1. With the requirement that a residue be among the hydroxyl-bearing types (Ser, Thr, Tyr) and either out of contact with any Phe, Trp or Tyr (no Cβ under 8 Å at 6 or more places or on another chain) or within 28 Å of residue 288 (Cβ to Cβ) (or both), what does segment 306-364 give you?
2. Just a yes or no: is a residue in segment 102-110 part of a helix (DSSP H, G or I), within 15 Å of the ligand (Cβ to nearest atom) and surrounded by 22 or more Cβ atoms within 10 Å (Cβ to Cβ)?
3. Out of 60, 6, which single residue is more than 6 Å from the ligand (Cβ to nearest atom) and under 30 Å from residue 251 (Cα atoms)?
4. Restricting attention to segment 268-281, which residues are in contact (Cβ under 8 Å) with a residue 24 or more places away in the chain, of a type outside the set (Val, Ile, Thr) and either surrounded by 13 or more Cβ atoms within 10 Å (Cβ to Cβ) or away from the ligand (no atom under 16 Å from the Cβ) (or both)?
5. Would you pick out the residues in segment 123-151 that are aromatic (Phe, Trp, Tyr) and within 13 Å of residue 250 (Cα to Cα)?
6. Do you know which of the residues in segment 188-209 that are open to solvent by 50 Å² or more (accessible area, probe 1.4 Å) and in contact (Cβ under 8 Å) with a residue 12 or more places away in the chain is nearest to the ligand (Cβ to nearest atom)?
7. Would you be able to tell me the number of residues in segment 112-126 that are surrounded by fewer than 16 Cβ atoms within 10 Å (Cβ to Cβ), touching a residue at least 12 places away in the same chain (Cβ under 8 Å) and part of a helix (DSSP H, G or I)?
8. Quick check on segment 94-101. Is at least one of its residues of a type outside the set (Val, Ile, Thr), more than 12 Å from the ligand (Cβ to nearest atom) and modelled with pLDDT of 95 or more?
Amino acid sequence: MYDVAVLGLGAMGAATLYQLAKRGINAIGIDQFNPPHTNGSTHGETRLTRCAIGEGHQYVPFAIRSHEIWKELGNETGEQLLFETGALMIESALGGGSVHGSANFLDTTISTAKQFNIAHEVLSGQQARQRFPNFATNDQDKAYYEPGAGYLKVEECVSAQLNRAVELGADLLIDTKVHSISHANEHVELATSSNPIHAKKLVVCAGPWVKELLGAPYDTKLTTTRQVLHWYPIAQNAMQEWKDHPVFIWIHGEGEGYYGLPSLDDPTLIKVANANYGEPSAPDNVNRDIDPKEQTEMFDVHLKGRLMGIKPQAHKSVTCIYTVTPDSDFILDWHMDHKNTFVVSACSGHGFKHSAAIGEAVAQQLIDGTSTIDISAFNMTRFKD
Ligand SMILES: Cc1cc2nc3c(=O)[nH]c(=O)nc-3n(C[C@H](O)[C@H](O)[C@H](O)COP(=O)(O)OP(=O)(O)OC[C@H]3O[C@@H](n4cnc5c(N)ncnc54)[C@H](O)[C@@H]3O)c2cc1C
C-alpha cells in the first residue's frame, strides 16, 4: 500500500512525484510509456517560460516559484534546465489577437509585470526593431521584453525530476498502462497491465488521456488537439544575428499568433509553432504525418516578412498534443466524486512553465490539505453545465 500513486509522468506527474519524494512520502509513479516520450504533451526540446503571464495574474506565483525550483534542481543535478535568454512579445498594430484564450494577452502581460515587480521593458515597434533587427516589426507595433524569461529543456526537466524522485525513495512503474481505477473507502486500486497497485491517495496527471481515464464530467470539459512544431533553417548570412536570440511570441491579428525558440540539437535552425488550438484529435489517433502544406502555411502566414533571414523550407516538423479546457485555464482540484483523488489537467498550451510549482502545490495539498500558492481559481466547479 503506497501513500500516494501518481498516474502519468509527463510534466505534471514528474513534478508531483519529485515533490512528494522530497517530503518523504511513500509514492509510486506509473506511466504507460517510458518518460520522457513523444506520445503526449511533453517533448520537442524546449518550452517557453516567462514570469509575467498574459493568461492571467493567478498564474504568476506558479511561474516565479517554478523558476526557483528549476534553478535549485539544476544546481542539485549539475545540469542547467532554465535558460534566461529573455523573451520578446510583439502585438502588431492589427491587434485583436488572443493567446491561450486570453484576449488581452500583451496588456495582461504588462499589467502582471507591474503588479509583481517583474523586470521588463515596454518597447515601440521601432525600438524593438532597432534592438532586435531579426524581428521586422512595424513602427505601430507594440512590444514587451522580459530579460528573465527564456526556455526550459523539456525532456531534461522531466528526467531530472524522475531521477531525483527515485533517489529520494519513490518507485517507478513504466511501460505499464492503468486500465481502470477502483475507489474504496480508504484507498484506490489501479488495475494495470501487470499487478494491481494500491494507494491511499491518487494524483491523476494523465494529460491527454484524462478524458478516457476519468470519464464524466471530465470528458465533456476537455478537448485534445493536434499541434505541430516546426524547425526552419537560418540563412548562412543571418546566423550571427540569430545567435543567442530571445524566445518570442508574435500576435498579429485575430486568431493569428505564433512563438519561437532556439533549436538545441541544431543551432542552424529555429523552432516555431502556431499558438492557436489545432484540430481535435484523440491521443491514440493523432495524425503524426505532416502535410507539406502545413509547413508552407506556417511560413507564409506567420514567418514571412516578420522574421529576417529564415529560409522557407521547413527542416522537420513534429506533432504534439494540447489538452484544452473551455476557458483555457487549468484544472487543479480534488476529484468531484472521490475525495482521495486529485486531478491535474494543466495544459491548454501553456502549462509547462508552471509545472514545477504545480507539482509542489499538489504535494502540499495532499500532505497538508492546503498549498502556499492559491489554487482556488483552478477548481472544477467553475464549469457550469
Ligand atoms: C506543441 C506544444 C508546445 C507547447 N509549448 C509550451 C510552452 O512553450 N510553454 C509552456 O509553458 N507550455 C507549453 N506547452 C504545454 C505543456 O507542454 C503542457 O502543459 C505539459 O507538457 C502537459 O503535461 P502533462 O503532464 O499534463 O501531460 P503529458 O506530458 O502528456 O503526460 C501525461 C502522461 O500520462 C501518461 N498516461 C496517460 N494515461 C495513462 C494510463 N492510463 N496509464 C499509464 N500512464 C498514462 C502518459 O503516457 C503521459 O506520459 C506546449 C504543449 C505542446 C503540445
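1. Selection gives 317, 319, 322, 323, 325, 328, 345, 348, 355.
2. Step one: list which residues in segment 102-110 are part of a helix (DSSP H, G or I), which gives 105-110.
Then drop every residue that is not within 15 Å of the ligand (Cβ to nearest atom), which leaves 105, 109.
Next cut, surrounded by 22 or more Cβ atoms within 10 Å (Cβ to Cβ) only: 105, 109.
Yes, segment 102-110 contains a residue that is part of a helix (DSSP H, G or I), within 15 Å of the ligand (Cβ to nearest atom) and surrounded by 22 or more Cβ atoms within 10 Å (Cβ to Cβ).
3. Numbers: 6 fails: under 30 Å from residue 251 (Cα atoms).
Going through 60, 6 in turn, the sole match is 60.
4. Of all residues in segment 268-281, those in contact (Cβ under 8 Å) with a residue 24 or more places away in the chain come to 268-275, 277-281.
Checking the rest, the ones that are also of a type outside the set (Val, Ile, Thr) come to 269, 271, 273-275, 277-281.
Once the filter is applied, which keeps residues that are in contact (Cβ under 8 Å) with a residue 24 or more places away in the chain, of a type outside the set (Val, Ile, Thr) and either surrounded by 13 or more Cβ atoms within 10 Å (Cβ to Cβ) or away from the ligand (no atom under 16 Å from the Cβ) (or both), segment 268-281 yields 269, 271, 273, 274, 275, 277, 278, 281.
5. If the condition is that a residue be aromatic (Phe, Trp, Tyr) and within 13 Å of residue 250 (Cα to Cα), then 135, 144, 145 are the ones that fit.
6. Per the stated criteria, the residue is 193.
7. 2
8. Within segment 94-101, the first condition is being of a type outside the set (Val, Ile, Thr), and the residues that meet it are 94-98, 100-101.
Now drop any that are not more than 12 Å from the ligand (Cβ to nearest atom), which leaves 94-98, 101.
In the following step, the residues that additionally are modelled with pLDDT of 95 or more were identified as none.
Checked segment 94-101: no residue is of a type outside the set (Val, Ile, Thr), more than 12 Å from the ligand (Cβ to nearest atom) and modelled with pLDDT of 95 or more.
The values are calculated or read from the model by the stated rules, or taken from the named source; none is laboratory data. Everything numeric in this text was worked out from a predicted model, so none of it was measured. All Cβ positions, glycine included, derive from the backbone under ideal geometry; neighbour counts span all protein chains shown. The protein model used for the area step is the full one, side chains on, heavy atoms only, and it has no ligands, DNA or RNA in it. Shrake-Rupley method; radii C 1.70, N 1.55, O 1.52, S 1.80 Å.
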